[in-house]
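> One structure follows; several queries about it will come next.
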Amino acid sequence: LSMRQLGRLFQDGHKMTDADHWYSEYLKRHPRAKQVWLDLSATRASDKRWKEAGEAIESMLVRYPNDAAAQYNLAAIAANTGDLKRARKMWEDLAQQTSDATIAGMASRSLTRLATK
């Protein structure tokens, strides 16, 4: 098994500390692995380790500054940490972009949910 596969197995088994370890090790060798950055952030977010989840996304955005999925996740982290103004702005921007219709739709739905808070 690769480090990435081990990370996924641990993540699927809800062993987030172990998943974090293997994803981090994988990213040391393959820092341009977009999905692994997202997976690493997700493992941290599932443990409500918001600061660390955000750090993983920020590291991904250094490599892929226009990645809509990373920007969406960063907005979700902002919303979960109470920075609703930032989340709203980021989701508004994403809802208006046209390069990724799936993310635009997700952002629109998130804005709707945010409006009910």
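> Taking the Kirkwood radius as the inverse of the mean 1/r across Cα pairs, report the Rg/Rh of the stretch 14-57.
With Rg and the Kirkwood Rh in hand, the quotient comes to 0.93.
> OK, next. May I ask for the distance between the Cα centers of the stretch 1-60 and the stretch 96-117, given as a whole number of Å?
25
> Compute the relative contact order of the chain as a whole-number percentage, counting only Cα pairs closer than 8 Å that sit 6 or more residues apart in sequence.
Relative CO of the chain lands at 14 percent.
> Under unit Cβ charges (Lys, Arg +1; Asp, Glu -1), what dipole magnitude, rounded to 20 debye, does the chain have relative to its Cα centre?
Its charge dipole is roughly 160 debye.
> Please work out whether the stretch 37-83 counts as rounded, prolate or oblate from its C-alpha gyration tensor, where a ≥ b ≥ c are the square roots of the eigenvalues and a/c under 1.5 means rounded, while otherwise a/b larger than b/c means prolate and anything else oblate?
Working: a/c = 2.05, a/b = 1.38, b/c = 1.48.
Taking the square roots of the gyration eigenvalues as a ≥ b ≥ c, the stretch 37-83 is oblate.
> Among Thr43, Thr112, Asn73, whose Cα sits farthest toward the positive end of the charge dipole of the chain (+1 at Cβ of Lys/Arg, -1 at Cβ of Asp/Glu, about the Cα centre)?
The listed residue farthest towards the positive side: Thr112.
> While we're on this one: Taking the Cα-to-Cβ direction at Tyr64 and at Lys85 and moving 7 Å from each Cα, how far apart do the two end points lie in nm?
Each label point lies 7 Å from its Cα, and together they span 3.0 nm.
> Computed over the Cα atoms of the chain, what is the convex hull's projected area averaged over all directions, in nm²?
Average projection, Cα convex hull of the chain: 7.2 nm².
> So which trypsin sites (Lys or Arg not before Pro) in the stretch 1-60 are both in a DSSP loop and have at most 15 other Cβ atoms within 10 Å of their Cβ?
Lys15, Arg32, Lys48
> Using a 1.4 angstrom probe, figure out how much accessible area the chain has per residue, in square angstrom, rounded to the nearest whole.
Heavy-atom SASA per residue in the chain reads 58 Å².
> Counting pairs on different chains as well as pairs 8 or more places apart, how many Lys pairs in the chain have Cα atoms under 24 Å apart?
Step by step, the pairs that qualify in the chain add up to 17.
> To check my understanding: the extent here is largest minus smallest coordinate of the Cα atoms along each principal axis. What are those three numbers for the stretch 60-105, in Å, largest first?
Taking max minus min along each principal axis of the Cα atoms, the stretch 60-105 gives 28, 23, 13 Å.
> Hey, any idea what % of the chain's accessible area is carbon plus sulfur with a 1.4 Å probe?
With neighbouring chains kept in place, the figure for the chain is 52 percent.
> How far apart, in nm, are two points set 7 Å out from the Cα along the Cα-to-Cβ line at Glu52 and at Gln96?
Placing both labels 7 Å along Cα→Cβ, they lie 3.6 nm apart.
The values are calculated or read from the model by the stated rules, or taken from the named source; none is laboratory data. Predicted model, so just to flag it, every value in this text is computed and none were measured. All Cβ positions, even for glycine, are placed from backbone atoms using ideal geometry, and neighbour counts span all protein chains on display. Only protein heavy atoms, including side chains, enter the accessible area calculation; ligands, DNA and RNA are left aside. Shrake-Rupley method; radii C 1.70, N 1.55, O 1.52, S 1.80 Å.
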